[in-house]
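Scroll down for the structure; my scribbles are underneath it.
The values are calculated or read from the model by the stated rules, or taken from the named source; none is laboratory data. This one's a predicted model, so the numbers in the text were calculated from it and none came from an experiment. Counting neighbours? That spans all protein chains shown, and the Cβs are built from the backbone with ideal geometry, glycine included.
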Amino acid sequence: MTAEPGTTIVSGGSSGIGRAVVEGLQGRGRSVAILDIHPPPDDLLANGQVLFLECDTTDPAAVHEAVAHVANQVGRIDGLATCAGIGGASARQGIGSSQWDRVKAIVNVNLLGSYWLLESCAVAMAGGGGGSIVLVGSVLSRKGMAGMSAYSAAKGGIEGLTRSAAVELADRGIRVNCVLPGPILTPMSRTGFEADGLSVEQWIERMARSVPLSRVGMPEDVAAVVLFLLDEASGYMTGASLMVDGGANVG
Ligand SMILES: NC(=O)c1ccc[n+]([C@@H]2O[C@H](COP(=O)([O-])OP(=O)(O)OC[C@H]3O[C@@H](n4cnc5c(N)ncnc54)[C@H](O)[C@@H]3O)[C@@H](O)[C@H]2O)c1
């Protein structure tokens, strides 16, 4: 007998890729809990199927408390998508710019926040028969870019975390995979290209030229792959990194 679907936690679900994941889960009639430092737009909470908890995912105690609250409130947790993240600053803020607090924040949010969530959710999932965890990395764990060293280091950590956690958690019925997005038009990417003095049109044109599929990605492009990895359709996949980059990494 297949268990009734439980709840999926989406960190960073208030904006960009995370918001698209939440909308996709809503469309499938699934129960969702958003953990974010910013509240989601009202329409995302309108149908009562989405719970919002204000939570800074860089704080392990706060993450643990939020996951326990979700479990108490809605029961079984069987999905996690870690979409909370901050950008890697602009090309003018690279190695030698002594922006240590920014470097620490980038690693904290993009890597350690994902670790705390994976740990808390894995414990909850193991007690409930398993689940699926999807971490959001970046193609910048595979491809270098000036000004993005701290971000690339954090995203490289996401791939390592995915592989070892997949091995460690397999016998508890928990799958762990990650997606590596390329250039996606979201509030985060907007902050980056605006800091570099580019308009949205200029950025879209520049990215389209660097991507074999000749267009910039949208949050829904990434969400579709996250939803596949959360779903039992990907039930024989664990430890995988899937690029969602329009072919940027190979072209
Ligand atoms: N946009 C891109 O081009 C791109 C490319 C590759 C990877 N990514 C990754 O995709 C993920 C989502 O990015 P996005 O583009 O949708 O960005 P976004 O800025 O639209 O959304 C990020 C969300 O994370 C939340 N957040 C930030 N810090 C947090 C914290 N400490 N605790 C809880 N929530 C926090 C924000 O409030 C926001 O809702 C990130 O991990 C990012 O690194 C994005």
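Points worth noting:
- Qualifying positions in region 206-224 - away from the ligand (no atom under 12 Å from the Cβ) and aliphatic (A, V, I, L, M): ALA208, LEU213, ALA224
- Residue within region 14-25 that is over 21 Å from MET188 (Cα atoms) and either surrounded by fewer than 18 Cβ atoms within 10 Å (Cβ to Cβ) or free of Cβ contacts under 8 Å to residues at least 12 places away in the same chain (or both) present: no
- Region 175-205, residues that are in contact with a Phe, Trp or Tyr (Cβ under 9 Å, 6 or more places away or on another chain), among the hydroxyl-bearing types (Ser, Thr, Tyr) and within 8 Å of the ligand (Cβ to nearest atom): SER189
- Residue in region 132-139 that is in a helix (DSSP H, G or I) and at pLDDT 95 or above present: yes
For (1) touching a strand residue (DSSP E or B) at 6+ places or on another chain (Cβ under 8 Å); (2) among the aromatic types (Phe, Trp, Tyr); (3) touching a residue at least 40 places away in the same chain (Cβ under 8 Å), each residue gets a yes or a no:
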| site | (1), (2), (3) |
| --- | --- |
| MET207 | no, no, no |
| PRO219 | yes, no, yes |
| LEU227 | no, no, yes |
| LEU230 | yes, no, yes |
| LEU242 | yes, no, yes |
| GLY247 | no, no, no |
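- Pick from region 69-90, criterion farther than 21 Å from LEU135 by Cβ and not polar (S, T, N, Q), ranking: surrounded by the most Cβ atoms within 10 Å (Cβ to Cβ): ALA89
- Verdict on VAL123 being within 16 Å of ILE9 (Cα to Cα) and either more than 15 Å from the ligand (Cβ to nearest atom) or in a loop (DSSP other than H, G, I, E, B) (or both): yes
Let's see how each residue does on (1) at pLDDT 95 or above; (2) of a type in the set (A, V, I, L, M):
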residue: ALA146; (1), (2): no, yes
residue: ALA154; (1), (2): yes, yes
residue: GLU159; (1), (2): yes, no
residue: ILE184; (1), (2): yes, yes
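- Tally, over region 34-61, of residues that are hydrophobic (A, V, I, L, M, F, W, C), more than 9 Å from the ligand (Cβ to nearest atom) and surrounded by 15 or more Cβ atoms within 10 Å (Cβ to Cβ): 6
- One residue stands out in region 95-116 among those that are under 11 Å from the mean Cα position of the chain (by Cα) and under 19 Å from SER164 (Cα atoms): the one that is surrounded by the fewest Cβ atoms within 10 Å (Cβ to Cβ), namely LEU111.
- Residue check, GLY144 under 20 Å from GLY247 (Cβ atoms) and within 12 Å of the ligand (Cβ to nearest atom): no
- Of VAL10, VAL74, VAL107, all but one fail to be over 22 Å from ILE184 (Cα atoms) and among the hydrophobic types (A, V, I, L, M, F, W, C); the exception is VAL74.
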